[in-house]
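Working notes, structure below.
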Amino acid sequence: MTEQQEAKLPFQAEVSRLLDIVANALYSDKEVFLRELVSNSADACDRLRYAAITRPELTEDGAELGIRLIVDKDARTLTVSDTGIGMNRDELIANLGTIAKSGTSAFLSSLGDAKKDLNLIGQFGVGFYAAFMVSDKVTVVSRHAGEAEAWRWVSEGKGEFTVASADKPVRGTDITLHLKDGEDEFLEEWRLRQIVTKYSDHISVPIRFGTDAEAENLNHAAALWTRPKSEITADEYKEFYHHVAHAFDEPWATLHWRAEGVIDYTALLFVPKNKPFDMGDPNRKHGVKLYVKRVFITEGTEGLVPPYLRFLRGVVESEDLPLNISREMLQLSPILAKIRTGVTKRVLGDLAKRAETPEDYAEFWATFGAILKEGLYEDREHRTELFKAVRFRSTNGEGLVSLADYVGRMKPDQEAIYFLTGDNAASLRNSPHLEGFLSRGIEVLLLTDSIDEFWPAVAHDYEGKPLRSVTRAGDDLAKIAPAEGKDEEKAETAPEGEVAKLIELMKTVLGQSVKDVKVSPTLRESAVRLVAGEGAPDIHLEKLLRMHGQLQEATPHVLEINAGHRLIREMAKRSSAEGAGDALTDRIWLLLDQARILEGDAVLDPNAFARRLASVLESGID
């Protein structure tokens, strides 16, 4: 073994503060430290079992896969020892020296006053450091399978750790906790057995107490998903979710089934109740582990679960995939493709059933709805099932509606499903784009997620009803009869000749700032609105594209005017008078700025806007 000088290294984070929070404020129940350490050991055993398929020399030392809890009452230490894949020097530093790789600052800022929110631990990956709740010093000795050298990592949790070479006869990792005063309960076999039974009974490798080769298992050591559903309690499902998802919340939904037929597989999947902080990232992998004949193969496999179901956590096990399957073979495997189809249909079917209880489903939809809607854009094969599970806000009250609900309420002459996209439902409800539709009692979907700008153009229709933005559907209103007994009131409009003169003047004044000026077919109360020109993206989509650097410059839009609005009628009347250009210029620019403000955009020139507004206000003072 090569001797190297002991090195003292700083943690890669605001560690003193973080460890103090973890040790003293974050966990409401100290005993969970053992769950975290045992889960990590079980994962190390799973990784070795898989690696040994192609590299059998990794297990040549003959050590049985398993976990042991070893107590030294005289030294007041508790050791969690496993014979898993182990870690070398670089891995010790990377895995134990970089706290909360997903962002310590984000972790700390997210805590706020809710330091008892255990789900944060699962989100930010700091479960190992729960050991400092009950210990004032932690020693980790680890030897990577297939390597001769072992390494020791030591820390008192105060901002630094040491790494040095060590002696360890077999592969694996030993985590020794030097217990604080008052923590003697964790030196008692009965107490450790109680914790293992509560949290880790499902672990698929044996957990034993002490070093006796004949020691009995503290756990069942049977994969939970292989047991009949009738034999599994709600608490066992919950604790398995905590293990497999490394989470601390409760699952919103649990799906457990065995598929038999051309392809046999078993799935135990969970939908979390809380959303991890980076769930919105489409590149984030799902949390479903793939097993073949009880052997862990990989987690987050591309092709097992579609990206829009990346919130799923759990296990899928197949008897039909070969044990030595590689990552490349997995991506091309027709067996995996069939499993993916089966899993997707089952999950979407379950979500559609849960959606029949609106109060319950609203919780899921607020957390993962925007992610699920990505499937409408990218998964044509399962779009029918997705349509049954997705929900929307609409102008028909405050609750969620399905497309089936919407179609059931369509007007007799209505041919399309209408929608409006924007930043939030509250502002959309006040949008001038809705005026003509609301005046005829036509329901409009209010779409506020980024993906809503894209999926309607790809999905095209729902059950033969085309999906159409209200910003491009003004002419449709003429085809839809008012509700029975509610003839639409005809507003007084300016004469066509005067309106034409005003439009000509507005085009001259605004020039290249607009693509066109025309009379709106939908405005009823507002004086103006902006719409996208023919062939151009909708205004909200263009705004998103600019925000993400996909467009460099704003495109001029079409300014529509309400010929029945009093202001427009008065301006149209004056547009033929001598000097109309000078008299109306400020008002024309203010109308364009007003339309931009209604779309959530800034005015073109704030200084000019302020000057024109003051001028128009002054002219109204006698």
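Sites listed here are GluC sites (Glu not before Pro) in segment 304-363 whose DSSP assignment is loop and whose Cβ has at most 12 other Cβ atoms within 10 Å: GLU319, GLU356.
Let a ≥ b ≥ c be the square roots of the eigenvalues of the Cα gyration tensor of segment 415-574; is it rounded (a/c under 1.5), or, if not, prolate (a/b larger than b/c) or oblate? Note, shape of segment 415-574 comes out oblate.
Listed by chain and number, the aspartates and glutamates placed with their C-alpha closer than 15 angstrom to that of LYS158 are GLU14, ASP20, ASP136; residues fewer than eight positions away on the same chain are left out.
Show MET87, MET571 ordered by accessible area, largest first, where the area counts protein heavy atoms only and the probe is 1.4 Å.
Final ranking, largest accessible area leading: MET87, MET571.
This model, with +1 at the C-beta of Lys and Arg and -1 at the C-beta of Asp and Glu, gives the chain a dipole about its Cα centre of some 700 debye. For ASP235 and VAL616, a Förster radius of 45 Å and the Cβ-Cβ distance give a FRET efficiency of 0.05, rounded to the nearest 0.05.
Global size of the chain: 32.2, 107 Å for Rg and Dmax (C-alpha atoms, Rg to one decimal, Dmax whole).
Relative to the longest principal axis of the Cα atoms of the chain, the long axis of helix 334-354 lies at roughly 60 degrees. Taken as Cα centroids, segment 153-176 and segment 234-262 sit 33 Å apart, rounded to the nearest whole angstrom. Entry note, the chain: the mean residue ellipticity at 222 nm calculated from DSSP H runs of n ≥ 4, each adding -39500 (n - 2.57), is -10500 deg cm²/dmol after division by the residues and rounding to the nearest 500. Considering only beta bridges that DSSP places wholly inside the chain, some 75 percent are antiparallel. Modelled spin labels at TRP190 and ASP461, positioned 7 Å past Cα toward Cβ, are 7.3 nm from each other. A rounded overall shape is assigned to segment 390-468, the ratio a/c of its alpha-carbon gyration tensor axes (a ≥ b ≥ c) being less than 1.5. The convex hull built on the alpha-carbon positions of segment 139-210 has an orientation-averaged projected area of 6.6 nm². Apolar share of the accessible surface for the chain: 47 percent from carbon plus sulfur atoms, 1.4 Å probe. When Rg and the Kirkwood Rh are both derived from Cα coordinates, the Rg/Rh ratio for segment 328-453 amounts to 1.04.
For GluC sites (Glu not before Pro), the sites in segment 397-482 that DSSP calls loop and that have at most 15 other Cβ atoms within 10 Å are GLU398, GLU415, GLU463. For segment 286-356, what log10 I(q)/I(0) values come out of the Debye formula at q = 0.11, 0.18, 0.19, 0.25 1/Å, with one point per alpha carbon and no solvent? The computed values of log10 I(q)/I(0) come out as -0.26, -0.66, -0.73, -1.18. Ranking HIS557, GLY533, PRO521 by how far each Cα lies toward the positive end of the dipole of segment 507-622 (charges on Cβ) leaves PRO521 at the top.
The mean accessible area for residues of the chain, using a 1.4 Å probe and ignoring ligands and nucleic acids, is 47 Å² per residue. The figure for ARG68 is an accessible area of roughly 50 square angstrom, using a 1.4 Å probe on the protein chains alone. Diffusion coefficient of segment 144-296 by Stokes-Einstein, Kirkwood radius over Cα pairs, 4 °C, 1.567 mPa s: 68 µm²/s. THR211 contributes about 110 Å² of solvent-accessible surface, heavy atoms of the protein only, 1.4 Å probe.
The values are calculated or read from the model by the stated rules, or taken from the named source; none is laboratory data. Quick caveat, the model's predicted, so the values are computed rather than measured. Positions of Cβ are backbone-derived with ideal geometry, glycine not excepted, and every protein chain shown enters the neighbour counts. Just so you know, the surface numbers come from the protein's heavy atoms only, side chains and all, with ligands and any DNA or RNA stripped out. Shrake-Rupley method; radii C 1.70, N 1.55, O 1.52, S 1.80 Å.
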